[in-house]
1. List pairs: first residue in region A:224-239 and polar (S, T, N, Q), second residue more than 15 Å from RNA strand B (Cβ to nearest atom) and outside any strand (DSSP E or B) anywhere in the structure, Cβ distance under 6 angstrom, at least six positions apart or on different chains.
2. Do we find a residue being farther than 26 Å from A:Ala541 by Cβ and either over 25 Å from the mean Cα position of the chain (by Cα) or of a type in the set (Phe, Trp, Tyr) (or both) anywhere in region A:44-55?
3. Please specify each residue of region A:553-576 satisfying the condition of being open to solvent by less than 30 Å² (accessible area, probe 1.4 Å) and farther than 23 Å from A:Arg682 by Cα.
4. Within region A:166-184, restricting attention to residues that are touching a helix residue (DSSP H, G or I) at 6+ places or on another chain (Cβ under 6 Å) and either on the phi > 0 side of the Ramachandran plot or part of a helix (DSSP H, G or I) (or both), which residue is modelled with the lowest pLDDT?
5. Can you list residue pairs whose Cβ atoms sit under 6 Å apart, with the first residue in region A:645-673 being within 15 Å of A:Arg715 (Cα to Cα) and the second being open to solvent by 70 Å² or more (accessible area, probe 1.4 Å)? Count only pairs 6 or more apart in sequence or on different chains.
6. Which one is surrounded by the most Cβ atoms within 10 Å (Cβ to Cβ) among residues in region A:693-721 that are charged (D, E, K, R) and away from RNA strand B (no atom under 14 Å from the Cβ)?
7. Condition (residue is within 16 Å of RNA strand B (Cβ to nearest atom) and without any contact (Cβ under 8 Å) to a residue 60 or more places away in the chain) applied to region A:722-733: is it met by at least one residue?
8. Tell me yes or no: at least one residue of region A:154-161 is in contact with a helix residue (DSSP H, G or I) (Cβ under 8 Å, 6 or more places away or on another chain), buried (at least 16 other Cβ atoms within 10 Å of the Cβ) and in a strand (DSSP E or B).
Amino acid sequence: MERYSPQQIEKKWQQKWDAGQVYRTEMDEKRPKYYALEMFPYPSGNLHMGHVRNYSIGDVVARYRTMAGFNVLHPMGFDSFGMPAENAAIKHGVKPGDWTYANIDNMIRQQKDMGLSYDWDRKVLTCAPDYYKWTQWLFELFYKRGLAYKKEASVNWCDTCGTVLANEQVIDGKCWRCDSEVHKKDLSQWFLKITDYADRLLDDLDKLPGWPERVKTMQANWIGRSEGLEFNIEVPELGEKLPVYTTRPDTAYGITFVALAAEHPIIEKLVKDNPRAEEIKAFCEKARNQSEMERTSSESEKEGIFTGVYAVNPFNGNKVELWVTNYVLADYGTGAVMGVPSGDQRDWMFAKKYNLPIILTCQPKGVTLKLEDMNHAYDDKSGELVNSGEFTGMEMHAAMSAIMDKAEKEGFGQRKVNYRLRDWLISRQRYWGAPIPVIHCPHCGEVLVPEEELPVKLPENVSFDAGAVSPLAQCEEFVNCKCPQCGADARRETDTMDTFICSSWYFLRYADPHNDKLPFAKDKVNYWAPVDQYIGGIEHAILHLLYARFFVKVLHDAHLVDFDEPFKNLLTQGMVIKDGAKMSKSLGNVVSPEEIIEKYGADTARLFILFAAPVDRDLDWSEQGVEGSFRFLARVWRILDKFEDVVKGAPSAYDPETLTKDEKELRRVLHSTIKKVTEDVRDRFMFNTAISSLMELVNAFYAFAGKEVNPGLVRELASALIRMLAPFTPHIAEELWHNLGGEGSVHAQQWPGYDESALVQDEVEIVLQVNGKLRGRVTVPAGLDKEEMEKAALALPKAQEHTAGKEILKVICVPGKLVNIVVKG
RNA sequence: GCCGGAGUGGCGGAAUUGGCAGACGCAGCAGACUCAAAAUCUGCCGUUGGCAACAACGUAUCGGUUCAAGUCCGAUCUUCGGCACCA
């Protein structure tokens, strides 16, 4: 053999695998299925190291499962609608589609260079008409089920992107994509009713033991369920009942004012015949114009204006002032809040600023609080009630439910659950997305495009030089159409769908990617899905992963799929960083996968990225570390080269009983390595330690270099080593497999099993401790009982030395591990 | 503020159920090979003291439980991420 030269072997095998369609997958009811999936990329044009890491992990999982006997689905596609294609069109005058498809071609080439085991026949492109046809079909399904609606709302608008955004896409008041400030705009927009599924999306997180805790916590926080009481406060002057929501009904006797959001509809009524009307209107105007950042920061100053109108606390009949404020949110709860300064810090600050009265309703048990000594609200969730009528003296939790009972019994309130989660705004005023399949008819109103007319295709000749208006809205031949119901001249909806819709169901399409009758056939989707192992970045913890769960639940309810969670197990990989920072063009610390593969080969790139850190932690890129990984592969190559003739001439079986002591030990290392690698890959996703134990095995093998070894053992070792390397470094494994006379592809081989009896050691080293401190070691026959162990340990000179003249209190024996002598004095 | 991670040599990291802290790799040092270098192979490699045997110390800090703690408990600090005027 020549020396290890990846450039010569990798291309060769990639072509053979491609030609032999090695990774084609078909349904097979006889074998257990396994669906391994990496989050599909946006076709930016080039793979970055984050992709390389993602796909390397996924490829190990898929290849390991294949070897372990599963029928594995391992597909790849592209999330290929979205802004960058349109920006390229505006900037360089290329068509978004041309730009996108060219990028996809390049990225597929790079993915093939990595030697990934995808079934390319199942490739899914969300921008292809035969895909977005079904995205539109699913929109219509949602619409028919009452889960898609258009409404006028105050929405998030990004000027730079020229479109609205979902709440999930606003990060710290800024656009998730371009980082520019987001502001509110009143527009008529399409929403999906994800709030209908809030409870199930929250509760079913418990059905996902295979998800990282932090992702589940993030989703739970985002959904933000809270339980409380909604009750009516009378406003006698207006003859109105004003509903308010609280999670602290136990403090209801401490209401000293009522606060309204500046957008609250009752304000219109309030300002009629109100001497302060102009002032109030001006205040509301000012509050509404505050940026999202200012309004939602807990630091910003709480301001308000008294309306001159009073409200009545239904619990005790107290007459309290009604204020308009800048700190009550219009779209949470009822947009009106009871003000209890003694029990809520915000209300406290507000009351102090405007000199509103404060009534104490709760204090710690056995303590008497005095308002004049307090400098903040008492908002601990424990204590006893005071000044609370019939509830005075009651423990607060008991009081909470008693007070809610009272409100329900007397009919002015009821228990209520509220969510932080809002409906999903899916309209985008952009061109490069799936058109929303709706026609607006002057007579019939909103009409769905008939199913047989789908897809509503994107027109080709549109202009992108426009300002704020969507390119689709300017395309007359797209906009003008006939009403499918009455035939009248009508206008087509020009909004496209959020690309997160396209990615909310792509993993189901892989099960049946060429279906032209349905998004997917039921038997196929139920055979392959749900995804057994999903792998991707933590940045999708809320966005994509929440939306996809929502979609699957709706599809479940529509009887299109039998399962109601899309991803059984989730693995969130860490970032690839360099010099302590995320790789970015502006920092100039980007390492190009293409260059690394060219220089060291794909196997080295994959091995390093899997070895350098546990999968869920950030990984520091190190060129020297890459060198080390390359060295390891070259080392494997050389040792197998040395033993090539031995392996080829070896019998297929041998009797382990005939091995020498050293050979037996080598066999034990081999089998314990198989056990360790199997468990690390299958159960723990600890690829770094799996690889380190393969390195140890190779080190142990090197101790026999140049020596006479049982050929059967060498053959066993070489075969298992190559098969264990196959998921990590598929090319070198395939080459070595063939060099040593292996039949067929190494990737079609069975994963090596281990022999429990080979793991048993004749002798074990046990540790001697005195008072827990390590004092010596002794090698003893395996399987000694406690007394024998104790005897062997006590006989050691070290034991004598450290216990001399001291009283032995007791001796602890851990079989096969250690003896601890406890002494006094 | 609330919620969730993380903190171990010069560096990346290991220690899976409370049982030898630092596996494996990188960097470093030394030896072999070589005219020489590279490559390769072999050995050393937490800190302090000691020629050494060895001893003391050591997993962010302080305290606790235990024969035994990186691991469990309590408090604190640092750091990363999420949510945050959600009533």
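1. As it stands, the answer is A:Asn232/A:Phe412, since those pairs meet every condition given.
2. no
3. Initial filter on region A:553-576 (open to solvent by less than 30 Å² (accessible area, probe 1.4 Å)): A:553-555, A:558, A:561, A:563, A:565-567, A:570-574, A:576.
Correct list: A:Lys553, A:Val554, A:Leu555, A:Ala558, A:Val561, A:Phe563, A:Val576.
4. Checking each candidate, the answer is A:Gly173.
5. A:Val647/A:Arg715; A:Ala650/A:Arg715; A:His671/A:Tyr754
6. Here the residue is A:Glu716.
7. The answer is yes, given that some residue of region A:722-733 is within 16 Å of RNA strand B (Cβ to nearest atom) and without any contact (Cβ under 8 Å) to a residue 60 or more places away in the chain.
8. As a first pass, look at region A:154-161 and keep what is in contact with a helix residue (DSSP H, G or I) (Cβ under 8 Å, 6 or more places away or on another chain): A:156, A:161.
Restricting the remaining residues to those that are buried (at least 16 other Cβ atoms within 10 Å of the Cβ) gives A:156, A:161.
Right, trim to in a strand (DSSP E or B) and you get A:156.
Yes, that holds for at least one residue.
The values are calculated or read from the model by the stated rules, or taken from the named source; none is laboratory data. Everything quoted here is computed from the prediction, not taken from an experiment. Because the Cβ atoms are built from the backbone with ideal geometry, glycine has one as well, and the counts that use them run over all protein chains shown. These accessible areas exclude ligands, DNA and RNA; they are computed on the full protein's heavy atoms, side chains included. Shrake-Rupley method; radii C 1.70, N 1.55, O 1.52, S 1.80 Å.
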